[in-house]
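Visitor: One structure, pasted below without further comment.
The values are calculated or read from the model by the stated rules, or taken from the named source; none is laboratory data. None of these values were measured; they are calculated from a predicted model. Cβ placement follows ideal geometry from the backbone for every residue including glycine, while neighbour counts extend to all protein chains displayed. Note: areas computed on protein heavy atoms with side chains; ligands, DNA, RNA excluded. Shrake-Rupley method; radii C 1.70, N 1.55, O 1.52, S 1.80 Å.
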Amino acid sequence: ELESKGYKTPNITPTCKIETQNGDAAFTYAEMFAGIGGFGVALEALGGKCVFYSELLTECRETYKLNFPHTNGSCIHGDIYEVPDPAFPR
């Protein structure tokens, strides 16, 4: 059992959503050393779009892909030292 008894999943609704134009992201961001993308949850709730993700642990990258299926797979990277320069967003 992963959840302890009595645990309630929080219902978090962002109170300030940045308005976007033409359906585009209000801003873009990069997650480095990102784990499973917890910080990205808040940034996406504010209208952001992840354009670069890096995490050393394979298990975390796989979990991230499941949690953020809409993220372009080409922006998901492993060891930051092995990411080629052209892969970084400009």
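Visitor: Which chymotrypsin sites (Phe, Trp or Tyr not before Pro) in region 31-85 pass both tests, a DSSP loop state and at most 11 other beta-carbon atoms within 10 Å?
Guide: Those that pass, being in a loop and sparsely packed, are 33.
Visitor: At a Förster distance of 35 Å, what's the computed FRET efficiency of residue 65 paired with residue 24, Cβ-Cβ distance as r, to 0.05?
Guide: Computed FRET efficiency for residue 65 and residue 24: 0.95.
Visitor: If you average the sequence gap of Cα pairs under 8 Å that are 6 or more apart and divide by the length of region 50-89, what percent do you get for the contact order?
Guide: 54
Visitor: Take the alpha carbon gyration tensor of region 35-90, find the square roots of its eigenvalues, order them as a ≥ b ≥ c, and report rounded if a/c is under 1.5; if not, report prolate when a/b exceeds b/c, else oblate.
Guide: Oblate shape, in that a/c is at least 1.5 and b/c is the bigger or equal ratio.
Visitor: If you count only protein heavy atoms and use a 1.4 Å probe, how large is the accessible surface of residue 85, to the nearest 10 Å²?
Guide: Per-residue accessible area (residue 85): approximately 110 Å².
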